[in-house]
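Contents: one structure, followed by commentary.
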Amino acid sequence: AQSRHVGKFRVERNGLTWRGVRVGSDRGRIYLENATDCQPFRSRPGSVGWFAQGLEGDAEVVVRFVSDSKTVSKRRLNVTNESFEPIVLPWPLEPFTPPLDLEISCNGPSPVFIASHFDLDRKVLFSRCKGKGVELGPGPNPHIRPSAETEVFYVEQKSADEWVNLYGEHYQMDFDEALAPFYIVGEAHQIPVPPESLDFIYSSHVFEHLVNPIGHLEIWSHLLRKRGEVVMVVPDYIGSKDYLADASTLEGILAEYRKGSFAPSLDHYRKYAKARSAPEKAQSLYDSKSSIHMHYYSNDNMRTLLQHAVEIGLFEKFTIIHSKNAKDFHVILSR
């Protein structure tokens, strides 16, 4: 990207907090190189869910596709302080090779707010985690805390000492020692509790790391009491660093389930390395057992997966709460 006069910004509108960027008047622009290679643009959508608003008055927004510094196609959009106009992409009629860049610029006099998504409220999820349950992979900062209403324990792949050795150089560990007795070292498919003994299973940014997602859902279903819930925050790969990846398919997930293994394969690492534009790193990542994303979810393919889980009787119903272009979405699966 070669953006200029652009900064993070947020606007409160109709009870929602919208996040995006402020583009300076006259000189500001957002410039995305090779935009048409990125997942949000591959299907040539009319809109990717962005909106424009003048922050101090009227302004003109110019959206154009660029190749070799030349305009291929463009569209102009007039915005006001009151408007919240969808940004419609000016796709060229002719096929194009190589990938096109995308530029969004502001022709003053007012700076412009380009909104990408609204915030989701995780407190809604936390409120459902009552009774006896487990939080998977919380690291040193779990979301669900013990209380008069909640009996919770934590399953982590590594001990607290291993966290410090692995991550201590990169950020300040802030671990509440009072929670140490609630931690056990283990795996998400080997939670050490009897069948039908849990009211909830919670995780945040864990499910995408798991091989054989249907196998995990099957195990979790057996551990939950009737009306128990799986509650998850899952990253949307389109809004993350995985935007070059291909979405996981139900066919591929079912193939993993039939194999019955929960261990990552070299193929998982190849897909991950390719999505991060570093295919040469696949083998070394595999050899070091690096923690990577094994699957790539959006609300669309997650809906397909959860519908299958309902159809085969693992759960009774589900809901997905999402905001287009946000970095993650929320899932509730009811037993």
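The values are calculated or read from the model by the stated rules, or taken from the named source; none is laboratory data. This structure is a prediction, so every number in the text was calculated from the model and none was measured. Using ideal geometry, Cβ is built from the backbone for each residue, glycine included, and neighbour counts are taken over all protein chains shown. Areas reflect the complete protein model, heavy atoms only, side chains present, ligands, DNA and RNA absent. Shrake-Rupley method; radii C 1.70, N 1.55, O 1.52, S 1.80 Å.
In the set (1) open to solvent by 40 Å² or more (accessible area, probe 1.4 Å); (2) without any contact (Cβ under 8 Å) to a residue 60 or more places away in the chain, VAL124 fails one condition alone, (2). Do you know which residues across the stretch 143-158 are at pLDDT below 95 and either open to solvent by less than 70 Å² (accessible area, probe 1.4 Å) or among the hydroxyl-bearing types (Ser, Thr, Tyr) (or both)? Of everything in the stretch 143-158, just one residue is at pLDDT below 95 and either open to solvent by less than 70 Å² (accessible area, probe 1.4 Å) or among the hydroxyl-bearing types (Ser, Thr, Tyr) (or both), namely GLU156.
Checked against the criterion of being assigned to a loop (DSSP other than H, G, I, E, B), modelled with pLDDT of 95 or more, within 22 Å of TRP50 (Cβ to Cβ) and open to solvent by less than 40 Å² (accessible area, probe 1.4 Å), the stretch 100-107 has at least one qualifying residue.
Exactly one residue out of LEU306, LEU314, LEU285 is among the hydrophobic types (A, V, I, L, M, F, W, C) and open to solvent by 30 Å² or more (accessible area, probe 1.4 Å), and it is LEU285.
Among the candidates LYS259, LYS324, single out the residue that is at negative phi and surrounded by fewer than 17 Cβ atoms within 10 Å (Cβ to Cβ). After applying the criteria, what remains is LYS259. Summed over the stretch 13-54, the residues that are in contact with a strand residue (DSSP E or B) (Cβ under 9 Å, 6 or more places away or on another chain), under 18 Å from VAL66 (Cα atoms), in a loop (DSSP other than H, G, I, E, B) and open to solvent by 30 Å² or more (accessible area, probe 1.4 Å) give a count of 5. A single entry from SER116, SER110 fulfils the requirement of being among the hydroxyl-bearing types (Ser, Thr, Tyr), within 29 Å of the chain's Cα centre (by Cα) and open to solvent by less than 50 Å² (accessible area, probe 1.4 Å): SER116.
No other residue among SER83, SER105, SER67 is among the hydroxyl-bearing types (Ser, Thr, Tyr) and in contact with a Leu (Cβ under 8 Å, 6 or more places away or on another chain) apart from SER67. Number of residues in the stretch 171-190 that are over 15 Å from GLU151 (Cα atoms) and either outside any helix (DSSP H, G or I) or at pLDDT 90 or above (or both): the value is 12.
In the stretch 65-87, how many are outside any loop (DSSP other than H, G, I, E, B), closer than 22 Å to ARG22 by Cα and either acidic (Asp, Glu) or open to solvent by 70 Å² or more (accessible area, probe 1.4 Å) (or both)? Counting residues in the stretch 65-87 that are outside any loop (DSSP other than H, G, I, E, B), closer than 22 Å to ARG22 by Cα and either acidic (Asp, Glu) or open to solvent by 70 Å² or more (accessible area, probe 1.4 Å) (or both) gives 5.
Residues satisfying the criterion are present in the stretch 325-335 (criterion: of a type in the set (D, E, K, R) and in contact with a Leu (Cβ under 8 Å, 6 or more places away or on another chain)). ASP300 meets all of the listed conditions (1) in a helix (DSSP H, G or I); (2) crowded, with 16+ Cβ neighbours inside 10 Å; (3) not polar (S, T, N, Q) but one, namely (2).
Flag: SER277 does not match the condition of being assigned to a helix (DSSP H, G or I) and surrounded by fewer than 13 Cβ atoms within 10 Å (Cβ to Cβ).
If you go through the stretch 231-245 and keep only what is in contact (Cβ under 8 Å) with a residue 60 or more places away in the chain and either out of contact with any Phe, Trp or Tyr (no Cβ under 6 Å at 6 or more places or on another chain) or not in a loop (DSSP other than H, G, I, E, B) (or both), you end up with VAL231, MET232, VAL233, VAL234, PRO235, TYR237, ILE238, GLY239, SER240, TYR243, LEU244.
Annotation note: Cβ proximity below 9 Å between a residue of the stretch 36-64 that is more than 16 Å from TRP18 (Cβ to Cβ) and a residue that is assigned to a helix (DSSP H, G or I) and small (Gly, Ala, Ser) (sequence gap 6+ or interchain) occurs for PRO40/GLY239; PHE41/ALA35.
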